[in-house]
Each structure stands twice: as structure tokens, then as C-alpha cells.
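Taking it in order: structure first as C-alpha cells, then the write-up.
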Amino acid sequence: MSMLPEGNAVVYYPIRLWTVSVFLFGALPLLRKREISHLVIGDEYDASVRTSSKGITHYDGLYDQSRYFDNSLSRYYLRKGWSINQFSILRQLSEMLIEKTLVERYPDLQTLQMSCHAAHKEGEKVLPCGKCEKCRHSSFRI
Ligand SMILES: [Zn+2]
């Protein structure tokens, strides 16, 4: 039973907002022990969306993949006295340009590329879930 008046669209927002941070914080002990100062991730330009809905600022379910998150965590590391800078070498490229480059230059690698946070294996193939924030974001753009 819906609690919304008829005619109102239901907009689902992804619950899993902090997938990337799990990996980043998991790498911190190694970075600190080996004094590694660059934490390089692979997020593209399109992942930095900041918008507002009914007065609430949000990041389209991709905050942990945005440059805002990179900047915030880099400031956090600095406040802790750690010399770690977090950034993406793909940040200047769109998701579509990355796919195009892979298709044209590295077709063998493109068949292995996937943007999904909950991929699963079926037989010998790894498939996207189709439900996570990254899949939802990718399918929206296509
Ligand atoms: Zn997915």
C-alpha cells in the first residue's frame, strides 16, 4: 500500500552511499606504513554531481566517487597530519569517453570493464547487478 497520493512519482535513492570509502579506509594502514602519499582512484568526470531536491543537497548517489569526496578526504588526511592526497587520474574524462577509448584502442580490455559495485559471477562470466548506484547511474546515461 502506497502512502503517497496518486500521481506522485516514487523516487528511490540508493541506500549504499559509501562503497568506495570502505576500500579507501582499508588501504590507509598500508599507505601510512609505507608512507605512500598518493591515493589514486578511478572515478570519472560524470561521478561529480551535486544537485538539490526539495531543498536537500545530494550527490545523485555517487558522493563517494565525486571530487567533493576526494577533496573532503584529502582535507581529513591533512587534519590528521598524514601526507596523503586522494585523487582520480580519470577525473577529466567522461564515462562515455572512457568506454569509447577502450572500444577503439583496447577492445580486449573493454570486454572486461564493468562499472558495478555488486558484480556477481555466473559460470565463467562476471555480470553487473543492474541495481547498485553505479549500474543505475550508468544505465541512466546510456
Ligand atoms: Zn551494479
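Scan (1) within 19 Å of C129 (Cβ to Cβ); (2) at pLDDT 85 or above; (3) out of contact with any helix residue (DSSP H, G or I) (no Cβ under 8 Å at 6 or more places or on another chain) for the single condition D43 breaks and write down its number.
Among (1) within 19 Å of C129 (Cβ to Cβ); (2) at pLDDT 85 or above; (3) out of contact with any helix residue (DSSP H, G or I) (no Cβ under 8 Å at 6 or more places or on another chain), the lone unmet condition for D43 is (3).
Do you know which of the residues in the range 14-30 that are among the aliphatic types (A, V, I, L, M) and at pLDDT 85 or above is farthest from H117 (Cα to Cα)? Break it down stepwise before answering.
Taking the range 14-30 and keeping what is among the aliphatic types (A, V, I, L, M), we get 15, 17, 20, 22, 24, 27-28, 30.
Those left that are additionally at pLDDT 85 or above: 22, 24, 27-28, 30.
On the way: V22: 12, L24: 14, A27: 17, L28: 20, L30: 23 Å.
The residue in question is L30.
Hey, could you check the range 18-38 for residues that are under 20 Å from G61 (Cβ atoms) and touching a residue at least 24 places away in the same chain (Cβ under 8 Å) and say which is surrounded by the fewest Cβ atoms within 10 Å (Cβ to Cβ)?
My answer is W18.
The values are calculated or read from the model by the stated rules, or taken from the named source; none is laboratory data. Here the structure is a predicted model, which means the values were calculated and not measured. Every residue, glycine among them, receives a Cβ derived from its backbone with ideal geometry; neighbour counts consider all protein chains shown.
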